[in-house]
Structure formats: C-alpha cells, structure tokens
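Working notes, structure below.
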Amino acid sequence: YWLWSSRSQSGPSEHLSSLVDVLQTTSWGALLYVAVYLVRPLLLLSATLLTIAGGFLYGPVWGLVVVIVASNASAMVAYGIGRWFGGHGGRRDAPRFARLGRYVERLRTRSFETTVILRLLLMPYDLVSYAAGLARISPGPFLAGTAIGSIPGTVAIVLFGASIEQFDCGPV
C-alpha cells in the first residue's frame, strides 16, 4: 500500500474514494464485495460495517440481495472453520463441552430453531457460526436458520447503509 500510495501521489482518502467508485461502477464490484465478505471471518472484519457498506454501495434492493448472499456464504466459512477445528465429533467431544453440555445438545438436536433464535437475538455473528461448526451440527439446518434469522437485522442495517447519501472521508 505504501509503495502504491507513494507512486500515485495520493492519500488514503483518495484511495478509498477510488475503491468505492470501482465497487459501485464495475460489473465485478459486487463479486469483489462478496469475496471480501467471504474472508471476513478470517480477518475478523466487522460484519456490521460491511453490511452498512453493502447498503451504501448497492442501494436498498440490490444491497440486500448482495449482502444476504455474502453474509450467508461468510457464515458457512466460519462454520467450516469451526467444524474443522472441532475434529471428528461424536462422544469424544463430551469433556470439551461439559460446561455447555445442555446448550450444545440443544444446538445439535434443534439446530434450525436454535440458529434462528440466536440470529434473531443478534448474537455475535461469527461466534454463532464457529460454535455451530464446533458442535458439528448439520450444515443444512444451520444455513437455513442463518438465512431466515438474519433477515430482520440485515434489512435494518442495509437500509441504514442505503440512507447514507454521500461518501466523504475528508482529510485523513
């Protein structure tokens, strides 16, 4: 970044403005946005800020479509990481979850309902995804619960982002 910035003779605010223009005006801007959202759990980026950005960049309708696709794919990335770190599952993980036993058991037996409730309660997005993967719940109910339970919060945050009329980061 430093090399690029020094060669282009521009600062961070100009670069951010250029990035916004690229994301809004090019046909692959939405794909780049989704790609950033996909690696978000690995980089610990804020889902809320990216969702606001999606509303700002693509408006209330397309922003909602793009963010729903990106956030559900991102949830599956975090779920996959949790599942990978969770090992083989089964009864061998019982000591690991001894304190959380009844919660993990509820998550396993009623995966869809529990995921919907956790998403509606606006629990930390990645924490729920990682925990679902660690508990080795079935991916189908997890994805369906995430998709349905995230809709109210996603709509509100995307509409907030879409209500931002102008991007001006000013002098940095």
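The values are calculated or read from the model by the stated rules, or taken from the named source; none is laboratory data. All values derive from a computational prediction rather than experimental measurement. Cβ placement follows ideal geometry from the backbone for every residue including glycine, while neighbour counts extend to all protein chains displayed. Just so you know, the surface numbers come from the protein's heavy atoms only, side chains and all, with ligands and any DNA or RNA stripped out. Shrake-Rupley method; radii C 1.70, N 1.55, O 1.52, S 1.80 Å.
How many residues does region 70-88 contain that are touching a residue at least 12 places away in the same chain (Cβ under 8 Å) and either over 10 Å from the mean Cα position of the chain (by Cα) or within 20 Å of T25 (Cβ to Cβ) (or both)?
Qualifying residue count for the region: 9.
Are any of the residues in region 102-112 touching a helix residue (DSSP H, G or I) at 6+ places or on another chain (Cβ under 7 Å), open to solvent by less than 80 Å² (accessible area, probe 1.4 Å) and at pLDDT 85 or above?
yes
Could you please find all residues in region 45-89 being in contact with an Asp or Glu (Cβ under 8 Å, 6 or more places away or on another chain) and either surrounded by fewer than 21 Cβ atoms within 10 Å (Cβ to Cβ) or of a type in the set (K, R) (or both)?
Across region 45-89, the qualifying residues are G86, G87.
Quickly run through region 134-151 and pick out the residues that are closer than 16 Å to V69 by Cα and aliphatic (A, V, I, L, M).
Passing the criteria: L143, A144, A147, I148, I151.
Out of L122, L159, L127, L118, I need the residue that is in a helix (DSSP H, G or I), touching a residue at least 12 places away in the same chain (Cβ under 8 Å) and open to solvent by 70 Å² or more (accessible area, probe 1.4 Å). Which one?
Unique residue meeting the criteria: L159.
Go through region 132-143 and report how many residues are within 16 Å of the chain's Cα centre (by Cα) and open to solvent by less than 40 Å² (accessible area, probe 1.4 Å).
3
Got a number for residues in region 71-101 being at pLDDT below 80 and assigned to a helix (DSSP H, G or I)?
The total comes to 5.
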